[in-house]
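Notes follow the structure.
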Amino acid sequence: MKRRQFLKKAGLAGVAGAAAASTLAAPAIAQQRTDMVIVATWPRDFPGLGTGAQRLSKRIGDMTEGRINVQYFAAKERVGAFDSFDEVASGNAQAYHAADYYWKGKHLGWAYFTAVPFGLTYTEMNAWIRFGGGQELWDKLAGDFGLKNLMAGNTGVQMGGWFNKEINSADDFKGLKMRMPGLGGDVIAKLGASPVSIPGGQIYENLVSGAIDATEWVGPWNDRYMKFYEAAKYYYFPGMHEPGSTLALGMNASWWGTLSKTDQTIIEAAASMENDVMMAEFNAKSGEALADLVQNQGVKLREFNDDVYDSFGEAAAEVFEGVRAHSPLASEIHESFLKARADLGAWSKISDQAYVAQRNRVLGV
Ligand code: CA
């Protein structure tokens, strides 16, 4: 009996020894150098979006002390903004930083992982992606294109856009040529507008030349930098089209699969951090920028009235019918989104919204 116990222990020791050996071997694998070319849809040093993508790229390099050798290319430095997807899906680059709704022409489901009309706020989006089945659906969609995507930034609630006239009813959208990507563009198309999707770096020239009549972009901090106020004075809020736009780090799935668990976790951590930091930066800088626009640049701040919003709602319902009919996966994503919006909306109403409403009432804000 004693001998058997001894052998058993020896056997366990053998297993432990093997485990120790593999543990020792693991760091050698994790220390493999790998190149990570990141292409972005943003011009270099674009406040918030570009600087956030650059910060994320630097962070991945810093966290691995350069072992993941990140080379970052802003829009047009390697490929055009909207060529980023194919560059990564094909394996020419390892990752992109972008708004995934730019790819709605490839599949309508992509729109949901940036923002959709009457969609989710930043906190709601995080809840859906992390705990409501959102990431799993994103993985399914991205997997069909050879990609693996993570949340890597957020703009928060976006403004409704820049117009050179007042918008008092849905009729004011008739014949309007407006830059608005994603499903928001489909909504204003239902109202008779002609939506166009052009990269951020080309909006100003189109607005100034009159090639477009109106544009949405992000919010006061970003929009001030773009100088849209030189061509359009009416600045509307709130945007129905992008209530909490998530930016994505989209990676080539085959490349992602070659990474060690350590490196995957580092990239996940870096992306998650940027998701948080970018939102904080947008919130911190938007108020001052808005005050400057209104006080010093002659910008006329306007709120969409209820009639306009009701029209947006009716048009959005039609657009969502189109999504359902698009494909089984688009329908599955939409249903998951609807459930999340209902659950999260009910909670937001009596938590964030109820509290802020009372705070503003008491303080007279
Ligand atoms: Ca936008």
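The values are calculated or read from the model by the stated rules, or taken from the named source; none is laboratory data. Bear in mind that the values here come from a model prediction, so they are computed numbers and not experimental data. Please note: Cβ atoms are built from the backbone with ideal geometry, for glycine as well, and neighbour counts cover all protein chains shown. Just the protein is used for accessible areas: all its heavy atoms, side chains included, with ligands, DNA and RNA removed. Shrake-Rupley method; radii C 1.70, N 1.55, O 1.52, S 1.80 Å.
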What is the range 171-245 by shape, rounded, prolate or oblate, if you read a ≥ b ≥ c off the alpha carbon gyration tensor as root eigenvalues and call it rounded for a/c under 1.5, prolate for a/b larger than b/c, and oblate otherwise?
oblate
Amide H of ALA152 versus every other amide H placed in the peptide plane: which residues, excluding those fewer than 5 positions away on the same chain, fall under 5 Å?
LEU247, ALA248, LEU249
Can you figure out the FRET efficiency of THR258 with LEU338, using R₀ = 51 Å and their beta-carbon distance, to the nearest 0.05?
0.90
Ranked highest first by the average count of other Cβ atoms within 10 Å around their residues, in what order do 182-194, 134-146, 83-95 fall?
182-194, 83-95, 134-146
Return the Rg/Rh ratio of the range 258-365 with Cα-based radii and a Kirkwood Rh.
1.08
Quotient of Cα Rg and 2.2 N^0.38 Å for the range 127-255, N being how many residues it contains:
1.19
Take peptides 209-220, 320-331 and line them up by average Cβ neighbours within 10 Å, highest first, as a rough protection proxy.
209-220, 320-331
Quick one: work out the % antiparallel among DSSP beta bridges in the chain, nearest 5.
45 percent
Normalized C-alpha radius of gyration of the range 35-143, against 2.2 N^0.38 Å?
1.11
Tabulate in residue order the Karplus-calculated ³J(HN,Hα) for the range 97-114, using 6.51 cos²θ - 1.76 cosθ + 1.60 with θ = phi - 60°, rounded to whole Hz; enter x for Gly and Pro.
10, 7, 9, 5, 5, 4, 9, 5, x, 7, 6, 4, x, 4, 4, 5, 9, 10
Carbon/sulfur fraction of accessible area - the range 265-365, other protein chains in place, 1.4 Å, %
55 percent
Would you mind working out the accessible area per residue for the chain, using a 1.4 Å probe, and quoting it in Å²?
45 Å²
If amide H atoms are built 1.01 Å from N in the plane of the peptide, which residues on other chains or at least 5 residues away come under 5 Å of the amide H of THR215?
TRP162, ARG179
Run the simple label-point estimate for ASP292 and GLN71 please: 7 Å along Cα→C-beta, distance reported in nm.
3.5 nm
Taking only the alpha carbons of the chain, what extent do you get along each of the three principal axes, in Å, biggest first?
91, 46, 44
Please compute the length gained on full extension between ASP62 and ASP276, using 0.36 nm multiplied by the number of residues separating them and subtracting their Cα-Cα distance.
75.2 nm
Hey, if you put +1 on the Cβ of every Lys and Arg and -1 on every Asp and Glu Cβ in the chain, which of ALA111, PHE145, TYR236 ends up farthest toward the positive end of that dipole?
PHE145
Measure nothing fancy, just the Cα-based angle from helix 49-63's long axis to the longest principal axis of the chain, in degrees from 0 to 90, nearest 10.
10 degrees
Could you tell me how many degrees, from 0 to 90 and to the nearest 10, lie between the Cα long axis of helix 122-131 and the main elongation axis, the longest principal axis, of the Cα atoms of the chain?
30 degrees
Nearest 10 degrees is fine. How inclined is helix 306-326 to the longest principal axis of the chain, computing both from alpha carbons?
40 degrees
Cross-link reach from LYS165 to lysines, straight Cα distance under 26 Å and at least 8 residues apart if same chain, gives LYS174, LYS177, LYS190, LYS227, LYS233, LYS300
Select from MET63, VAL187, GLY134 the residue farthest towards the positive end of the dipole of the chain; place +1 on Cβ of Lys and Arg, -1 on Cβ of Asp and Glu, and compute about the Cα centre.
MET63
Given the candidates GLY298, PRO328, MET251, the one whose Cα lies deepest towards the positive end of the charge dipole of the range 230-331, counting +1 at each Lys or Arg C-beta and -1 at each Asp or Glu C-beta, is MET251
In nm, to one decimal, how far is the modelled label at SER197 from the one at ALA346, with both set 7 Å along Cα→Cβ?
3.4 nm
How large is the charge dipole for the range 165-288, taken about the Cα centre, if only the Cβ atoms of Lys, Arg (+1) and Asp, Glu (-1) carry charge, to the nearest 20 debye?
260 debye
Assigning unit charges at the beta carbon (Lys, Arg +1; Asp, Glu -1) and nothing else, what dipole magnitude in debye, to the nearest 20, does the chain show about its Cα centre?
1820 debye
Estimated FRET transfer efficiency (GLU230, ASN168; beta-carbon r; R0 30 Å; 0.05)
0.80
